[in-house]
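Accompanying notes for the structure given below.
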């Protein structure tokens, strides 16, 4: 299991921890409230995505990912009141000569522009570099997602190019700008 992470941010800080069964109600409510807001940035998902059985399966998958050192999912909580505000995931860990991981994150609409995404990404970076010993963290972002572009560039991610048809988002194969940050940056 990954350790819980903390990082300061505007107005306090965030705690990141692996999703737990006790998070289900808050997670489902946050995802439901933000379905339309998140649609331009995520794959299509249906109502089964929010079911208890789907969440249980997701938790089992997460445990296997962690045990195999393939990924490290985190829910993002506001530190002062433990309110779930989003998620930040490290996935597709590559060892050997690559030592890299991909990062993805989302924050509920009512919590954006309050420093939570920045703090979550910074905490995940520290975990990737210091705890997992990785060399490279890669992020893919749609060009018109200027909030994420600005966030990544402001914390030291470098633009490397464009991944054509990189991810199927909201039902369409979309180009993404590829950013990376190295442990040596």
> What list of whole percents do you get for P(r) of the stretch 55-101, with Cα-Cα distances grouped in 10 Å bins up to the one holding the largest distance?
Replying inline: 25, 41, 27, 7, 0
>> Bins of 10 Å, beginning at zero and ending with the bin holding the largest distance: percent of Cα pairs per bin for the stretch 82-162, please.
In response: 17, 51, 28, 4, 0
> So, by mean Cβ neighbours within 10 angstrom, what's the order for 141-148, 173-180 with the highest one leading?
Replying inline: 173-180, 141-148
> Sorted by mean Cβ packing within 10 Å, highest first, what order do the peptides 17-29, 45-57 take?
Replying inline: 17-29, 45-57
> Based on DSSP H runs of at least 4 residues, each adding -39500 (n - 2.57), what is the mean residue ellipticity at 222 nm of the chain after dividing by all its residues, to the nearest 500 deg cm²/dmol?
Replying inline: -8000 deg cm²/dmol
> Dividing the alpha-carbon radius of gyration of the stretch 5-135 by 2.2 N^0.38 Å (N being the number of residues), what value is obtained?
Replying inline: 1.04
> PRE reach from residue 44 (point 7 Å along Cα→Cβ): which of the stretch 161-185 fall under 13 Å by backbone N?
Replying inline: 168-173
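Bear in mind these aren't lab numbers, they're just calculated from the coordinates by the rules spelled out. Since this is a predicted model, take the numbers as computed values, not measurements. Neighbour counts run over all protein chains shown; Cβ positions are idealised from the backbone, glycine included.
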